[in-house]
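Beneath this line is the structure, given in structure tokens, with notes to follow.
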Amino acid sequence: APPTAPIASAKDMLTNGDFSRSLLGWASFNDQGADGPSIDGSVSLVTDGDSRAVRLLRMGSNGNHCQTILQQDINKPLPDPVSSLLVRANVKVSYQSLPGGGSLATEFPLMILLRYRDEYGNDNQWVQGFYYGDPQGNPTANGEQVPQNNWYLFESGNLLEELNPKPARILGIKVYASGWDYDSMVRSITLEVQ
């Protein structure tokens, strides 16, 4: 039989996902939502142990919502053929004043949101939240409990198998903190396609 075609190696669709070139390729901003202006969070490059990380920090919220966002626009089609799409991230949640994911499971102290256009031309998103505490029993759909103040390596499943309809074009990715007071970090993030 003739040899099979070579399998392509995984390729990262993100630019500077290890933050080795500061915040090149990333935009940062705050979104206060509709509940009135309040204290903004900060996005800063820090050293944690022997590695570089981005810290999303907000204190003194007085129970007022905010999102502190690190965003990268991609707007590229997935290769054809494509067999897998994975999000990997090294994350740490040190503090959250809003338990779990808030009352609607939309306000985690650290979140990843992937925006994509599906095979039918509709815009969709995939969301993953991270939290360490939920003493009030708030909903935590799309959230993962992680050990407080410790680095955690997250790997999604193959999103081509999980998402329906399937992604055809990746529009962008956001790493953000949402809620009241929060202190979270991300050391690296990749969006690997193969």
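The values are calculated or read from the model by the stated rules, or taken from the named source; none is laboratory data. Source: prediction; values computed, not measured. Cβ atoms come from the backbone with ideal geometry, glycine included; neighbour counts cover every protein chain shown. Accessible surface areas use protein heavy atoms only, side chains included; no ligands, DNA or RNA. Shrake-Rupley method; radii C 1.70, N 1.55, O 1.52, S 1.80 Å.
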Quiz item: Treating the beta-carbon of each Lys and Arg as +1 and of each Asp and Glu as -1, no other charges, what is the dipole magnitude of the chain about its Cα centre, to the nearest 20 debye?
Solution: 400
Self-check item: From phi via Karplus (6.51, -1.76, 1.60), per-residue ³J(HN,Hα) for the stretch 144-151 in Hz, x at Gly/Pro
Solution: 10, 7, 10, x, 4, 6, 10, 5
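DSSP loop (so not H, G, I, E, B), at most 14 other Cβ within 10 Å: list which GluC sites (Glu not before Pro) in the stretch 62-158 pass both filters.
Taking the stretch 62-158 and a limit of 14 other Cβ atoms within 10 Å, the loop GluC sites (Glu not before Pro) found are E119.
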Quiz prompt | Amide hydrogen neighbours beyond the local backbone of A10, cut-off 5 Å, H modeled | solution = none
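Below 8 Å, C-alpha to C-alpha, sequence gap of six or more: please give me the relative contact order for the stretch 1-122 in percent.
Once normalised by length, the contact order is 19 percent.
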Quiz item: Got the relative contact order for the stretch 87-194 handy, in percent, Cα pairs under 8 Å and 6 or more residues apart?
Solution: 46
Quiz prompt | Compactness of the stretch 109-194, expressed as Rg and Dmax over alpha-carbon positions, Å | solution = 14.3, 41
Self-check item: Carbon/sulfur fraction of accessible area - the stretch 1-110, other protein chains in place, 1.4 Å, %
Solution: 53
Exercise. Report, by chain and number, residues whose modeled amide H sits under 5 Å from the one on D134, excluding near sequence neighbours (fewer than 5 apart, same chain).
Key: G100
Quiz item: If you place +1 on the Cβ of every Lys and Arg and -1 on the Cβ of every Asp and Glu, how big does the dipole about the Cα centre of the stretch 64-119 come out, in debye to the nearest 20?
Solution: 200
Quiz prompt | Per residue accessible area in Å² of the chain, where ligands, DNA and RNA are left out and the probe is 1.4 Å | solution = 49
Quiz item: Can you list the HN-Hα couplings for the stretch 93-102, worked out from phi with the Karplus curve (6.51, -1.76, 1.60; θ = phi - 60°), rounded to whole Hz and with x for Gly and Pro?
Solution: 10, 9, 8, 8, 8, 9, x, x, x, x
Practice problem: Name the residue, out of N16, N30, N150, whose mean-square fluctuation peaks in a Gaussian network model built on the chain with Cα pairs under 10 Å. | Solution: N150
Practice problem: Taking H placed 1.01 Å from N in the peptide plane, check which residues at least 5 places from F108 or on another chain put their amide H under 5 Å from its amide H. | Solution: S178
Quiz item: Say a paramagnetic label sat at a point 7 Å from the Cα of S20, along Cα to Cβ; which residues of the stretch 53-72 have their backbone N under 20 Å from it?
Solution: 53-55, 72
Quiz item: Gain in length, D123 to S83, computed as 0.36 nm per residue apart minus the alpha-carbon separation, to one decimal in nm?
Solution: 12.3 nm
Self-check item: Karplus-derived 3J(HN,Hα), 6.51/-1.76/1.60, for each residue of the stretch 50-55, Hz, glycine and proline x
Solution: 10, 10, 8, 8, 9, 10
Practice problem: Report, largest value first, the span of the C-alpha coordinates of the chain along each principal axis, in whole Å. | Solution: 67, 38, 28
